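Here the structure comes first, spelled out in structure tokens, and everything after it is commentary.
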């Protein structure tokens, strides 16, 4: 997968028929996967336009709700889903104030767009001024198919990042996994791992999140977990306390990911 910074779009792919989807894609849950499948299986070059950081991180500053996956996890999964090009946008003030028509013009100049798939309630641009009808109007009279994708529904409600965040915060990891299509996994590769005479641990950030990835942590308790490291994989128990999360010393310090397969004991 090729990654391109939004500021470096230069028309290098303007001669390849492309299928594009746009979104924050925090979690890449089953709904996101259904949307991305529209472009991956279109027969054109599949392109995902997404964000290096969640827009709410910049809009709400310290009131970040917490993220479902790290940027590293997101990149890895986009590759697995079959995305060829990922355009990464840093949600700066200039991007926030950009009208939707200008946003579309930038993509139009950079790719030979033949299909654009977005969520049925998609909006972009300053003040959310451009919706699906606005996208259709922009491409009117041209060979561009605009597909609004309906949400995936599990249970009585659509799959959404907001719903998954709530389940994680309530410790209902089995249910969160059913919406993600995989177990909830913490990325600790960039975290500062400390030790005492009993356990290895990571101190929570002030907001109760992982400090570096800013991922959500479930409530305090003991959780069955699989620790994935550079040297081994270990089934153990993750202990989440008021100020830290910890695991046994025997797991060593090369742990990169903590897979939470089940809700707390």
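Scanning the range 174-212 for residues that are closer than 18 Å to residue 162 by Cα, under 14 Å from the mean Cα position of the chain (by Cα) and buried (at least 20 other Cβ atoms within 10 Å of the Cβ) returns 179, 180, 184, 185, 186. Determine whether residue 46 is under 21 Å from the mean Cα position of the chain (by Cα) and at pLDDT below 85. No: the conditions fail for residue 46. Here the condition is being under 30 Å from residue 143 (Cα atoms) and modelled with pLDDT under 95; of 57, 3, it holds for 3 alone.
Residues in the range 187-205 that are part of a loop (DSSP other than H, G, I, E, B) and free of Cβ contacts under 8 Å to residues at least 12 places away in the same chain: 196, 197, 205. Filtering the range 201-213 for residues that are in contact with a helix residue (DSSP H, G or I) (Cβ under 6 Å, 6 or more places away or on another chain) and over 16 Å from residue 256 (Cα atoms) leaves an empty set. Condition test on residue 25, is it crowded, with 24+ Cβ neighbours inside 10 Å and at pLDDT below 95? Judged against the criteria, residue 25 is a match. Being free of Cβ contacts under 8 Å to residues at least 24 places away in the same chain and touching a strand residue (DSSP E or B) at 6+ places or on another chain (Cβ under 6 Å) is a property that residue 132 has.
For every residue, the table says whether it meets (1) assigned by TED's automatic domain parsing to the domain that holds residue 102; (2) more than 19 Å from residue 104 (Cβ to Cβ); (3) surrounded by 19 or more Cβ atoms within 10 Å (Cβ to Cβ).
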| site | (1), (2), (3) |
| --- | --- |
| 8 | yes, no, no |
| 11 | yes, no, no |
| 14 | yes, no, no |
| 34 | yes, yes, no |
| 39 | yes, no, yes |
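Just one of (1) closer than 30 Å to residue 19 by Cβ; (2) not assigned by TED's automatic domain parsing to the domain that holds residue 120 fails for residue 173. It is (1).
For the range 97-114, the candidate set comprises residues that are touching a helix residue (DSSP H, G or I) at 6+ places or on another chain (Cβ under 7 Å) and either at pLDDT below 85 or crowded, with 19+ Cβ neighbours inside 10 Å (or both); within that set, the residue that is farthest from residue 43 (Cα to Cα) is 97.
Every condition in (1) in contact (Cβ under 8 Å) with a residue 24 or more places away in the chain; (2) not in a loop (DSSP other than H, G, I, E, B) holds for residue 210 except the one numbered (2). Please determine whether any residue of the range 226-234 is surrounded by 14 or more Cβ atoms within 10 Å (Cβ to Cβ), farther than 19 Å from residue 70 by Cβ and not assigned by TED's automatic domain parsing to the domain that holds residue 28. Checking the range 226-234: at least one residue is surrounded by 14 or more Cβ atoms within 10 Å (Cβ to Cβ), farther than 19 Å from residue 70 by Cβ and not assigned by TED's automatic domain parsing to the domain that holds residue 28.
The values are calculated or read from the model by the stated rules, or taken from the named source; none is laboratory data. On a predicted model such as this, the values are computed, not experimentally measured, just so you know. Quick reminder, even Gly has a Cβ in these numbers, built from the backbone with ideal geometry, and neighbours come from all protein chains shown.
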